[in-house]
């Protein structure tokens, strides 16, 4: 029996997320600087894209494995690692809700920044993250927060007004931005609530052009936004969606000369 392909694979192989990730590099590096990474630490960067946090982790001397569902992003990550001479970093394809290729208790630190939150089956994702972490090791997630007024939550919210309703049983990715859900999911995987801490944190999208130019990048290269525009075009509403997103990006831009938009997220730290 063929298991149906994970729909996320098509979503993240669509377009070119590297174009969006390029606007997130500085924040990725800053976050990694605070993770207490030391030489030889074994790190799994899960749903890692092309390595916005995996490269800085490897530069600090960790042995890093990046896993992502999108083949094009795995290839891009391996290319970036080669270009920067990082022999302690490799990327491979894999599904955050089924890490069957990885042994139990293999990593000191599992990191997933705006990654595993998009995988279906959140309870399976939590279970797998816990399974591959050694006792005493840590899991660090960055998750967008539902209805948060800042950029990404608003992009997803606006886009959802233009796309068809999700299939039955679909669990929204931003439910990972609700503390009680995180506690429930990790609790089911055996991590007590007292071992989980939360902080509000910020990721900044920096783009050399105008806010409207950054909207175009999302429209052309970011899977969820691409889907929203395709659905909007069918209803003759693409102009409306463009205008709504341009107003959002304009109102949140903090730079005069270019585009710099901060977005709030929930940083989760769980000790296994």
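Summary of values
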read-out	value
Test for residue 230: is it in a helix (DSSP H, G or I) and out of contact with any helix residue (DSSP H, G or I) (no Cβ under 6 Å at 6 or more places or on another chain)	yes
Selected residue [at pLDDT 95 or above and under 19 Å from residue 28 (Cα atoms)] from 175, 259	259
Among (1) under 19 Å from the mean Cα position of the chain (by Cα); (2) closer than 30 Å to residue 131 by Cα - the single one residue 271 does not satisfy	(1)
Conditions (1) surrounded by fewer than 22 Cβ atoms within 10 Å (Cβ to Cβ); (2) touching a residue at least 12 places away in the same chain (Cβ under 8 Å); (3) more than 23 Å from residue 176 (Cβ to Cβ); (4) within 20 Å of the chain's Cα centre (by Cα); number of the one not met by residue 22	(2)
Where residue 223 falls short, out of the listed (1) modelled with pLDDT of 95 or more; (2) closer than 24 Å to residue 120 by Cβ; (3) surrounded by 17 or more Cβ atoms within 10 Å (Cβ to Cβ)	(1)
Among the residues listed as 108, 50, the single one being at pLDDT 95 or above and either surrounded by fewer than 18 Cβ atoms within 10 Å (Cβ to Cβ) or within 16 Å of the chain's Cα centre (by Cα) (or both)	50
The range 129-139 - residue that is touching a helix residue (DSSP H, G or I) at 6+ places or on another chain (Cβ under 9 Å) and crowded, with 22+ Cβ neighbours inside 10 Å and, of those, nearest to residue 96 (Cα to Cα)	129
Listing of strands (runs of 3 or more DSSP E) fully contained in the range 54-172 that carry 1 or more residues being touching a residue at least 60 places away in the same chain (Cβ under 8 Å)	107-113, 133-144
Residue within the range 79-89 that is under 30 Å from residue 136 (Cβ atoms), out of contact with any helix residue (DSSP H, G or I) (no Cβ under 6 Å at 6 or more places or on another chain) and modelled with pLDDT of 95 or more present	yes
Residue within the range 207-216 that is at pLDDT 95 or above, crowded, with 18+ Cβ neighbours inside 10 Å and outside any helix (DSSP H, G or I) present	yes
Qualifying position, being over 29 Å from residue 184 (Cα atoms) and in contact with a helix residue (DSSP H, G or I) (Cβ under 9 Å, 6 or more places away or on another chain), among 119, 76, 126	76
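Every residue, every condition in (1) closer than 28 Å to residue 239 by Cα; (2) at pLDDT below 95; (3) over 17 Å from the mean Cα position of the chain (by Cα), yes or no:
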site: 116; (1), (2), (3): no, no, no
site: 120; (1), (2), (3): no, yes, no
site: 143; (1), (2), (3): no, no, no
site: 169; (1), (2), (3): no, yes, yes
site: 180; (1), (2), (3): no, no, yes
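The values are calculated or read from the model by the stated rules, or taken from the named source; none is laboratory data. Quick caveat, the model's predicted, so the values are computed rather than measured. Because the Cβ atoms are built from the backbone with ideal geometry, glycine has one as well, and the counts that use them run over all protein chains shown.
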